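One structure is given here, and the rest of the page talks about it.
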Amino acid sequence: MHSSLRRRIGNCTIAALSLLLLGACARTSPKIDANAYAKEIEQWHSERLTGLKSEDGWLTLVGLFWLKEGNNRIGSDKSNDIVLAKEQIGTQSGVFVLKDGVVQFEAQPGSGFTVAGKPVAQLELKSDEDGSPTVLQLGSLTFQIIKRGDKLGVRVKDKQNPDRINFEGTQFYPTDLKWRIDAQFVPYNPPKAVPITNVLGMESGETSPGALKFSVGGSSYQLDAITEKGETKYFMIIADKTSGKETYPAGRYLYVDPPDASGRMVIDFNKAYSPPCAFTKFATCPLPPRQNRLPFAIEAGEKYRHPK
């Protein structure tokens, strides 16, 4: 082979010579510094723990109550629709009134409910449908409305929940650069509707901007990404052969940066993490769609610590 041609080929293999001659030699990723990358993942682990243990994290969830049309009374007495055995809750502290898809809250005088630090007597509550739900507070408790399908419910959190206070942390696979994988974005035009079912059997219609195509062990695979309102990164719900063994049975979650101008993306499975349902029975976690269930083991990211 002519030496000048060999120099132009660079890192491309001889097998790719025909592609080179067509100007299509594959571009390789910049070399990643292993030590710097290990520190990046260690920082991600730290941020993951901080998020879980925060005062409004998933470890604070203590209840989820679906509302019926009309009055839904809250208090410590068992005659209420929403019963909470907390010292700051009175026998009957207020009522959530659901009418035609709108929730009003009416507090009992002197009950102590606040919003943004201001006492509440009566107000309309925004749900999480638009990403900014109204947050009611009473002592260590907070209340917000969630919407799933055509159902509205009250999600209750307690920053003094023993699950949060006694949390021992999570476990991770050793950081491995082989699970930081180059992928090619294949856009759907128009974006594809993806039905997603959650752990309660409710189905929601999500939108996928495209698929991420990648290779593992010489075989090609692809995953559908999902766009979320107010989020620039793409969201993926995945399952693999570790699911139900070393990782959470219902799969894991992962965020990826959007593609560059050439459509290149990076899937970093070292940042795959357990859904909220791994930590509380009061979450409504979406499950992986069939096309995102991979037939091999991804020994990277967060493991699942089974309840004792």
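The values are calculated or read from the model by the stated rules, or taken from the named source; none is laboratory data. What you are looking at is a predicted structure, and each value in this text was computed from that prediction instead of being measured. Don't worry about glycine lacking a Cβ; one is built from the backbone with ideal geometry, like all the others, and counts go over all protein chains shown. Protein only, heavy atoms only, side chains kept; ligands, DNA and RNA dropped before computing areas. Shrake-Rupley method; radii C 1.70, N 1.55, O 1.52, S 1.80 Å.
Note on exposure: 179, 44 ranked by accessible area (1.4 Å probe, complete protein assembly) read 44, 179, with the most exposed listed first.
Quick check: with the 1.4 Å probe, what order do 287, 61 take by accessible area, largest first?
287, 61
In units of 2.2 N^0.38 Å, what is the alpha-carbon radius of gyration of region 185-226?
Values: Rg = 12.8 Å, N = 42, 2.2 N^0.38 = 9.1 Å.
Region 185-226 yields a ratio of 1.40.
Over region 206-308, all Cα pairs binned in 10 Å intervals from 0 give whole-percent P(r) values of 14, 48, 31, 7, 0, listed from short to long.
Net charge in the neighbourhood of residue 192 (other residues with Cβ under 13 Å of its Cβ; Lys, Arg +1, Asp, Glu -1) is -2. For residue 122 and residue 193, the difference between the fully extended length at 0.36 nm per residue and the C-alpha to C-alpha distance is 21.7 nm.
Give me the Kirkwood hydrodynamic radius of the chain in Å, from all C-alpha pairs, to one decimal place? The partial results should precede the final answer.
On the way: mean 1/r = 0.0446 Å⁻¹.
In the chain this quantity evaluates to 22.4 Å.
Across 306, 45, the residue with the most accessible area heads the list, and the full order at a 1.4 Å probe is 306, 45.
Taking Cα atoms only, the orientation of helix 34-52 departs from the longest principal axis of the chain by about 10 degrees. Pairs spanning more than 24 Å between alpha-carbon atoms, out of 31/271; 126/159; 86/151; 213/233; 159/245: 86/151; 159/245.
Ignoring ligands, DNA and RNA, what percent of the accessible area of region 87-173 is carbon or sulfur (1.4 Å)?
That share works out to 45 percent.
Solvent-accessible area per residue in region 157-199 equals 61 Å², computed with a 1.4 angstrom probe and all protein chains kept. If the viscosity is 0.692 mPa s and the temperature 37 °C, what translational diffusion coefficient in µm²/s does Stokes-Einstein give for region 160-210 when Rh comes from Kirkwood over Cα pairs? Using the Kirkwood radius from Cα pairs, D works out to 209 µm²/s.
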